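Colleague: Got a structure for you, questions after.
The values are calculated or read from the model by the stated rules, or taken from the named source; none is laboratory data. What you see is a predicted model; the values in this text were computed from it and never measured. Backbone-built Cβ (ideal geometry, glycine too); neighbour counts: all protein chains shown.
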Amino acid sequence: MTPLIDVVFLLLVFFLWTSSFERPEADLSSALVLPPLAEITGGSDAPPPLYDEITIRLVQVAGREAAEIRMNDQVIADRAALADRLRQITALGAQPAVVVHPDAEVSMGVAIAVYDAVRAAGIDEVLFAVQE
Amino acid sequence: MNTNLQATRINRLPNLFAVKLLMVTLLGWPLFCGAAAEAQQPSSSDNTANPANRGNRSTSTADSIQALVEQGMLERAEHLAREQLDAAALSSDEAAKAAVALAGVRIANLLRAPLDQQQAHLDAAIEPLQRVLRAYPDHRRAPWLRFQSCSVDIAVAQRQAAVLAATPGDERQRLAVLATLIERSRDLQELEGDVSQQIAVAFDHRDRSPWIDELMALRNAIAVQRVEVLLRRGELFAAGTDDALAAAAEAQQAAIAAQGLVRDDAARQADLLRMRCEALLRMGQPDQAAELLAPLLNPRTDERGDAQNLSVNRQLDDPTLALAVRLALELGQLPQAERLLASHYGERPAEAAAAPESDLARLRYLIARRSQSAGAEQTKRDVGDWIEAIRRRGGDFAQRRAETIVIELLGRSSAQLSDPRIVIAAAAQQLRAGHARQAAERLATAARQTRESAAARQLAVAGAAAYSSVGEDLAAGKLLLEIAQAHQHEPGAAELHLQAAVLLERHGRASAADVSADSAVVDPVNELLRQTIQLWPSEPATQQARRWLVARLIAAEKHVEAATVAAPRDDPAATEERWEAAAAAWSEALATVPLVTADLAVNPAVERLTEQALEQFPADAPAAEHGRRRLSVLFGNPALAATLEPTDRNEPFIDWLLAVRRGDSAGAPPAAAPEMRQRAVQRLVADAIAAPAKRTHLAAAILQLEGDAATLPRAMALVWSNRWREADEVLDRCVQTDTKSEQTAITAATVLSRSSQPDAKRRALERFAAVGATLAQGSTAWHEVRLATLELLSELDQQPEAARLAQYILLTRPPEDPAVKARYQRWSEP
């Protein structure tokens, strides 16, 4: 009969090999926004929210190192100004959804930084827009 | 447009001409019947046609056939002849006689038929003759059958030659006719030789039977026919040419030879003499011709020579008269020509019975007299009058022959052609010859040079028709326009002007250069029509111009302009009907502008437009009163409607609407056209918006008019009747049926927002939120929806929420329009 200690040792080795140390993506508080596949012809019965979602575009402009930030097509000077504007919004008691939409040329680091800034301003629902 | 220049084909010859050809054709037929008995005694050609052996059955039948043909009863004549032919043995004399008779009837049919059916009739006419000859090539009566066969061909060729004389220019046709005549002339010569040989043989046998007499009568007929053919052949050449002279010389020789053969036949002698004179005239020997013809003109005074044979009491026939007149004119004996014509035509030439030859001879005389008395207006007019008389008497064909003579004698210079009818005749001749552009230019020049308005108008119309016939509508229109403007105070100028507009519009369409679609450029046709209306306000043509202009403006969606034109302000004689039409046009124009705007306000533009419309209906024009009242009731503001009183006119719907607008009890609405009901609904909605105190009363009327239709006015009426849930259902149906427009959804929410009930306002809030989500953020409509939402929140005592929303929008979607931004800022203040 195999000693119990061997079984425990084998189980330990098994779990060591099968465990992942990477943090799962689902644990992040963000989601992806995909473009609609078809025109939506009907809506739900629930009335739409009064506060419309906010779209933040990150555009890589030629000749500039940093990506340009546009909130609802308004150019925002930098991340700090963006955070300031968003804090004013949350101060109203509004909790709009914010969609971060980086261009393909914008680095992931910049996108994450903007994401962090939005979260830091107190916005709960932040989404990434991607193109298929 | 009335014009003589339409290039119609000559399909029928005038009856007189047809009868003459017919008699020529039937020549072979009486020869059978009368020659034997006539051989012993000289007689006229009429006598020749009378059958001697009246007891004979076939001769009686031939008589009947001839009588039927002369009376125009061709069907019966043909039936009779065919019956006779079918009953007889083909070898018999009766069969030959019947074949000749049947051919004669059928050629009579041919001469009455259109030219394009000629060949079929020709084949039918030849068929009975060929049937007998094919069965019996050596038939005893073969020469008669051959002669009739030739006569059929000659009749057709002569008809075509006559057409060519009236419509020159078809060279191919001319050569074809010439070939036929030459061929038939040769056939006749050959036939004459055969018959002469038979006569000689009969004499050798000392045969004095009637057979010889019949043969001699046939030979004489052939000889006369041949001269006729030779003369006709000469007509196919231009006068004075070598060919024409040669043909005339040959005809003269043939006539002399034939005269030697027909010594005993006075009628034929006379015919031959006339033909000989005709040939001499063509040969340029009018003196000799006149000398020869003199015994025919004065038979009693001449006791010698040929004249003795001619001295019978016969009235001057048309061919002889025509020839005598021409000879007199050729010799410059105008009084002699006048005397001859006076004796023939009397005091009223246009009513005298005469053949076309005489009519044309008189035309030549009138032209000669006109040339001698240059400047006398009456003589100038006489020519034109006589051309018209010829047309009345002989039809288009005779008129064209007359026109040909006019051109021949007066030349082609416009300067000589001062009478517009003569210019038109000359141009018509050119047109038929295929020179339409030259004809048009001739007419245009004459029209521009003529000071007399009626003549200028006549010429311009003909010129425009000629231009149009070659597709030059622009030139045609310009000509009419020019003449209309130059003679604008004369009758008919308005019609010319209008016609010019028609032609220019057609030109515009054809060249795809019509600028009516481009409102930036002044439309020349519309301008012309405006001029017509302005210059001749009371002319009948102006009404047409007005209607056309209105239609054009409506087609270009210029409704207000159309309505303004439709009002006959400048015509004091305008009838009530025309004012009604103007009111209808204004109704259409006003209906194109919404009376209630999308934000449920009364459109001030309609009020301004209504004022503009009513200005077109003068208060001092009783005929305009009805139209004015109708417009006031349908489109006038409440203040205006309050001044109106019911009338005794039978317009129950208008009266009902007026009563409702005035706040009176009106009952159920009378029947009316759907568009009228729709306009009434719009008017009542506008009244209700303007006067909240009257809303319940007006809403009831609107609901009566709308029934259960899903319309915004009905929803509004339901809201005003405190039935907002029903209104909400109606609005749902409106939005569902009107899929194209987000505006409908916005208006639907606005309708509910105007309710005084909080629940209805909350439902309106939902509607605004729903429609806002479908709109592009930051768009004008989106901001309007958001501002309406703020207002509703305020009305529902949710001012803090409204302020928050306004601040949110200023932070996230600030509007570019400062006015809109200011409105948000006002709402954002706590």
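Colleague: Quick check on my filter: what residues within the stretch B:676-711 are part of a helix (DSSP H, G or I), more than 21 Å from B:LEU640 (Cβ to Cβ) and out of contact with any helix residue (DSSP H, G or I) (no Cβ under 6 Å at 6 or more places or on another chain)?
Modeller: B:THR696, B:ALA700, B:GLN704
Colleague: May I ask you to list the residues in the stretch B:465-492 that are part of a helix (DSSP H, G or I), of a type in the set (S, T, N, Q) and within 25 Å of B:GLN543 (Cα to Cα)? It would help to see each step written out before you state the result.
Modeller: Initially, the stretch B:465-492 is screened for residues part of a helix (DSSP H, G or I), giving B:465-469, B:473-486.
Subset that is of a type in the set (S, T, N, Q): B:468-469, B:485.
B:SER468, B:GLN485, listed by residue number.
Colleague: Would you pick out the residues in the stretch B:724-741 that are surrounded by fewer than 19 Cβ atoms within 10 Å (Cβ to Cβ) and of a type in the set (D, E, K, R)? Lay out the reasoning, then the answer.
Modeller: So the first thing to find is which residues in the stretch B:724-741 are surrounded by fewer than 19 Cβ atoms within 10 Å (Cβ to Cβ), and the list is B:725-726, B:729, B:732-733, B:736-741.
B:ARG725, B:GLU726, B:GLU729, B:ASP732, B:ARG733, B:ASP738, B:LYS740, listed by residue number.
Colleague: Then there's this: Look through A:VAL130, A:VAL118 and report the one residue that is of a type in the set (Val, Ile, Thr), modelled with pLDDT under 80, within 13 Å of the chain's Cα centre (by Cα) and at negative phi.
Modeller: Details: A:VAL118 fails: modelled with pLDDT under 80.
Only one candidate passes the filter, namely A:VAL130.
Colleague: Within the stretch B:659-675, track down each residue that is free of Cβ contacts under 8 Å to residues at least 40 places away in the same chain, surrounded by fewer than 23 Cβ atoms within 10 Å (Cβ to Cβ) and in a helix (DSSP H, G or I). Give the derivation first.
Modeller: Here is the first cut: in the stretch B:659-675, the ones free of Cβ contacts under 8 Å to residues at least 40 places away in the same chain are B:659, B:661-674.
When the remaining residues are screened for being surrounded by fewer than 23 Cβ atoms within 10 Å (Cβ to Cβ), the result is B:659, B:662-674.
Passing the criteria: B:ALA659, B:PRO674.
Colleague: Let me ask something additional. Go through the residues of the stretch B:216-229 one by one and say whether even a single one is within 41 Å of the chain's Cα centre (by Cα) and not hydroxyl-bearing (Ser, Thr, Tyr). I'd like the intermediate steps shown before the answer.
Modeller: Going through the stretch B:216-229, the residues within 41 Å of the chain's Cα centre (by Cα) turn out to be B:228-229.
Now narrow it down to the ones that are not hydroxyl-bearing (Ser, Thr, Tyr): B:228-229.
The answer is yes, given that some residue of the stretch B:216-229 is within 41 Å of the chain's Cα centre (by Cα) and not hydroxyl-bearing (Ser, Thr, Tyr).
Colleague: Identify all residues within the stretch B:237-266 that are touching a helix residue (DSSP H, G or I) at 6+ places or on another chain (Cβ under 6 Å) and surrounded by fewer than 20 Cβ atoms within 10 Å (Cβ to Cβ); write none if there are none.
Modeller: If the condition is that a residue be touching a helix residue (DSSP H, G or I) at 6+ places or on another chain (Cβ under 6 Å) and surrounded by fewer than 20 Cβ atoms within 10 Å (Cβ to Cβ), then B:PHE237, B:ALA244, B:GLU250, B:LEU261 are the ones that fit.
Colleague: Something else now. Which of the residues belonging to the stretch B:592-647 are farther than 15 Å from B:ARG679 by Cα, of a type in the set (A, V, I, L, M) and assigned to a loop (DSSP other than H, G, I, E, B)?
Modeller: Matches in the stretch B:592-647: B:ALA598, B:LEU600, B:ALA601, B:ALA619, B:ALA621, B:LEU644.
Colleague: Would you say B:ALA582 is surrounded by fewer than 20 Cβ atoms within 10 Å (Cβ to Cβ), aliphatic (A, V, I, L, M) and farther than 30 Å from B:GLN743 by Cβ? Explain how you work it out, then say what you get.
Modeller: Details: surrounded by fewer than 20 Cβ atoms within 10 Å (Cβ to Cβ): no; aliphatic (A, V, I, L, M): yes; farther than 30 Å from B:GLN743 by Cβ: yes.
No, not satisfied.
Colleague: Could you please let me know if B:VAL596 is crowded, with 20+ Cβ neighbours inside 10 Å, closer than 30 Å to B:VAL660 by Cβ and in contact with a strand residue (DSSP E or B) (Cβ under 7 Å, 6 or more places away or on another chain)? Before the answer, list the steps.
Modeller: On the way: crowded, with 20+ Cβ neighbours inside 10 Å: yes; closer than 30 Å to B:VAL660 by Cβ: yes; in contact with a strand residue (DSSP E or B) (Cβ under 7 Å, 6 or more places away or on another chain): yes.
For B:VAL596, the condition - crowded, with 20+ Cβ neighbours inside 10 Å, closer than 30 Å to B:VAL660 by Cβ and in contact with a strand residue (DSSP E or B) (Cβ under 7 Å, 6 or more places away or on another chain) - is met.
Colleague: Take the stretch B:787-816 and flag every residue that is more than 9 Å from every other protein chain (Cβ to nearest Cβ) and without any contact (Cβ under 8 Å) to a residue 24 or more places away in the chain.
Modeller: Within the stretch B:787-816, B:ASP797, B:GLN798, B:ALA806, B:LEU810, B:GLU816 meet the criteria.
Colleague: Does the stretch B:146-201 hold any residues that are free of Cβ contacts under 8 Å to residues at least 24 places away in the same chain and among the hydroxyl-bearing types (Ser, Thr, Tyr), and which are they?
Modeller: B:SER196
Colleague: Please enumerate the residues belonging to the stretch A:48-75 that are more than 14 Å from chain B (Cβ to nearest Cβ), surrounded by fewer than 16 Cβ atoms within 10 Å (Cβ to Cβ) and of a type outside the set (A, V, I, L, M).
Modeller: A:GLY63, A:ARG64, A:GLU65
Colleague: Sticking with this structure for a sec: Can you tell me which residue within the stretch B:728-768, out of those that are part of a loop (DSSP other than H, G, I, E, B) and free of Cβ contacts under 8 Å to residues at least 60 places away in the same chain, is farthest from the other protein chains (Cβ to nearest Cβ)? Can you show your working first?
Modeller: We begin by selecting, within the stretch B:728-768, every residue part of a loop (DSSP other than H, G, I, E, B); these are B:738-741, B:754-757.
Then keep just the ones that are free of Cβ contacts under 8 Å to residues at least 60 places away in the same chain; that gives B:738-741, B:755-757.
Working: B:ASP738: 15, B:THR739: 10, B:LYS740: 14, B:SER741: 16, B:SER755: 18, B:SER756: 22, B:GLN757: 19 Å.
Selected residue: B:SER756.
Colleague: Would you be able to tell me the number of residues in the stretch B:355-379 that are among the β-branched types (Val, Ile, Thr) and at pLDDT below 80? Break it down stepwise before answering.
Modeller: If we filter the stretch B:355-379 for residues that are among the β-branched types (Val, Ile, Thr), which is where we start, we get B:367, B:379.
After this cut, where a residue has to be at pLDDT below 80 as well, the list is B:379.
Summing the residues that are among the β-branched types (Val, Ile, Thr) and at pLDDT below 80 in the stretch B:355-379 gives 1.
Colleague: Among the residues of the stretch B:275-286, count how many are of a type in the set (D, E, K, R) and surrounded by fewer than 23 Cβ atoms within 10 Å (Cβ to Cβ). Quick ask: steps written out before the conclusion?
Modeller: Just the residues of the stretch B:275-286 that are of a type in the set (D, E, K, R), to begin with: B:276, B:278, B:282.
Narrowing the set further to residues that are surrounded by fewer than 23 Cβ atoms within 10 Å (Cβ to Cβ) leaves none.
Here the count works out to 0.
Colleague: Suppose we keep only residues that are within 12 Å of another protein chain (Cβ to nearest Cβ) and aliphatic (A, V, I, L, M) within the stretch A:83-96. Which one would you say is surrounded by the fewest Cβ atoms within 10 Å (Cβ to Cβ)? Break it down stepwise before answering.
Modeller: Our first condition is that a residue be within 12 Å of another protein chain (Cβ to nearest Cβ); within the stretch A:83-96, this holds for A:84-96.
Next, only the ones that are aliphatic (A, V, I, L, M) stay: A:86, A:89, A:91-92, A:94.
On the way: A:LEU86: 25, A:ILE89: 22, A:ALA91: 12, A:LEU92: 15, A:ALA94: 20.
Among them, the one singled out is A:ALA91.
Per-residue answers, yes or no, for (1) under 22 Å from B:ASP194 (Cβ atoms); (2) not in a helix (DSSP H, G or I):
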| residue | (1), (2) |
| --- | --- |
| B:GLN66 | no, no |
| B:SER91 | yes, yes |
| B:GLN119 | no, no |
| B:GLU127 | no, no |
| B:LEU145 | yes, no |
| B:VAL152 | yes, no |
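Colleague: Determine the pairs where a residue that is closer than 15 Å to B:THR774 by Cα, located within the stretch A:49-65, has a partner that is among the acidic types (Asp, Glu) and not in a strand (DSSP E or B) with Cβ atoms under 8 Å apart, the partner being 6 or more residues away or on another chain.
Modeller: A:LEU50/B:GLU801
Colleague: Which of the residues belonging to the stretch A:97-111 are surrounded by 13 or more Cβ atoms within 10 Å (Cβ to Cβ), among the small types (Gly, Ala, Ser) and more than 14 Å from every other protein chain (Cβ to nearest Cβ)?
Modeller: Within the stretch A:97-111, the first condition is being surrounded by 13 or more Cβ atoms within 10 Å (Cβ to Cβ), and the residues that meet it are A:97-103, A:106, A:110-111.
When the remaining residues are screened for being among the small types (Gly, Ala, Ser), the result is A:97, A:111.
Correct list: A:ALA111 only.
Colleague: Filter the stretch B:769-786 for residues that are outside any helix (DSSP H, G or I), among the polar types (S, T, N, Q) and within 11 Å of chain A (Cβ to nearest Cβ) and give the result. Even if it seems obvious, please write down each step before you answer.
Modeller: Within the stretch B:769-786, the subset outside any helix (DSSP H, G or I) is B:775-779.
Subset that is among the polar types (S, T, N, Q): B:777, B:779.
B:GLN777 - this is the single residue of the stretch B:769-786 that is outside any helix (DSSP H, G or I), among the polar types (S, T, N, Q) and within 11 Å of chain A (Cβ to nearest Cβ).
Colleague: Can you confirm whether the stretch B:642-661 contains a residue that is among the small types (Gly, Ala, Ser), at pLDDT 85 or above and within 47 Å of the chain's Cα centre (by Cα)?
Modeller: no
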